[in-house]
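Since every read-out is calculated from the coordinates, none of them should be taken as a lab result. What you are looking at is a predicted structure, and each value in this text was computed from that prediction instead of being measured. Cβ atoms come from the backbone with ideal geometry, glycine included; neighbour counts cover every protein chain shown.
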Amino acid sequence: MIKQAHSISEELIEWRRDFHQHPETGFDVFRTAGIVADELEKMGYRVTRGVGKTGVVAEIGEGGKLVAIRADMDALPIFEQNETEYVSLNEGKMHACGHDSHTAMALGAAKILAKEKLNGRIRFLFQPCEETADDEGLSGAQRMYAEGAVAGVDYVIAQHVDPSMPVGTISINEGPSGGGVTSWQATIYGKGGHGAYPHASNDPFVLLTHVIMGINAIVSRRLDPFEPAVISIGAVNGGFTENVIPDKVELKGTIRFTSLEVEKQIREELTRVFEIVKTLGGDYKLNVLFGGMPTMNDKFVSDTIAQVGKDLLGEGSVHPLAKTLGAEDFPEFLKDAPGAMYTLGTRIEGRPIYELHHPKFDLDERALPVGTAVLAETALRFLKS
């Protein structure tokens, strides 16, 4: 399989660089999705366009088990700082999370699998809007799931590039490998007034300080220390000039977790913290929005991916996956079928490591055939299992 993947290396690089030069964000991946759909139709896949707004679903084979391979297509609103020949041509947009390569490698796997005699079916899920959500708070995976993109699927797999690991390696583990996400936003109401007469007001910034202290104590003092969780404040806005005490302050933040029970507890504790405002004579509004499930890798699927990695790349090329509370919407596709996401080493040797979402992020393109081969071989093994 590695040999087959290396034989299309030039095409993989061409796809990846084209997507990199023309990044599209959110659900607005019209050009990318169009190229993906056209290429898949040329390969002989049964293609459905416009799934989950701009996603592409493609299937090949008949009967038997059904294995799904997911790849995200969207970029980020970042000004690229690289000086490569394939630098972004869309100012203010950049593939800084490797989705250009995810899409290229999935296309490569599709090309290889289209030539195989399949004992079952393969379905590709090319997804928009992994990085954000629409006006209704729904991401690409949520939209595609709601439209039946994984109906009837037996297994689901996905990969993500890892700029910290060397080319020729993958990382995988069973169980929790990524955090669930819940966002929250709040408004604290006090009583405005002149900055010289604070005693005649109820300063919302003072109320805010009590809230911040309470929020920062939730994880350290209210949760089981063996349950990983994070609650962070990402934005605070209030006031408009130096000598006026405003009547309100707005803030927003994020919650990360690996257990739904913990997420529920944090919600309750967050509400309890904001009740402090009422005790001090103010008022508040709090809105909490569930964003997505934690990534839970299935044991059988994870073990299969690990074995494929060992067989294709060598025994020492499979590593434990570094756990993170960073969120992914891939778990939407795991609601009805077991699956797993692994990471692919893409480190550029001799260059500083620029992590995901950095304006100088890039990857070693020698990893492209590696990821392509692992995806294709893993899918074939599930069809034979």
With Rg and the Kirkwood Rh both taken from Cα atoms, where does Rg over Rh land for the chain? 1.04
The simple spin-label model distance between residue 132 and residue 200, using points 7 Å out along Cα→Cβ, in nm, is 4.4 nm
Averaging over every viewing direction, what projected area does the convex hull of the Cα atoms of region 180-292 cover, in nm²? 6.8 nm²
Are there chymotrypsin sites (Phe, Trp or Tyr not before Pro) in region 34-97 that DSSP marks as loop and that have at most 14 other Cβ atoms within 10 Å, and which are they? 79
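For residue 6 and residue 276, compute 0.36 nm times the residue count separating them, minus their Cα-Cα distance, and round to one decimal in nm.
Values: separation 270, 0.36 × 270 = 97.20 nm, distance 6.13 nm.
Once the chain is fully extended between residue 6 and residue 276, it gains 91.1 nm.
Let's test the formula: R0 of 22 Å, r as the Cβ-Cβ distance of residue 28 and residue 48. What FRET efficiency results, to the nearest 0.05?
On the way: r = 19 Å, r/R0 = 0.87.
Computed FRET efficiency for residue 28 and residue 48 comes out at 0.70.
By average Cβ neighbour count within 10 Å, what is the ranking of 221-233, 328-340 from highest down? Don't skip to the answer; put the middle values down first.
Values: 221-233: 14.2, 328-340: 22.1.
The densest-packed peptide leads the list: 328-340, 221-233.
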What area, in nm² and to one decimal, does the C-alpha convex hull of region 1-121 cast on average over all directions? 7.8 nm²
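Checking the table 3/115; 3/111; 299/323; 53/111; 285/323 against a 22 Å threshold on Cα-Cα, which pairs fail?
Working: 3/115 14 Å; 3/111 14 Å; 299/323 15 Å; 53/111 25 Å; 285/323 34 Å.
Pairs exceeding 22 Å: 53/111; 285/323.
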For region 106-228, what is the convex hull volume of its Cα atoms per residue in Å³? 232 Å³
Of the listed peptides 25-36, 374-385, what is their order by residue-averaged count of other C-beta atoms within 10 Å, with the highest listed first? 374-385, 25-36
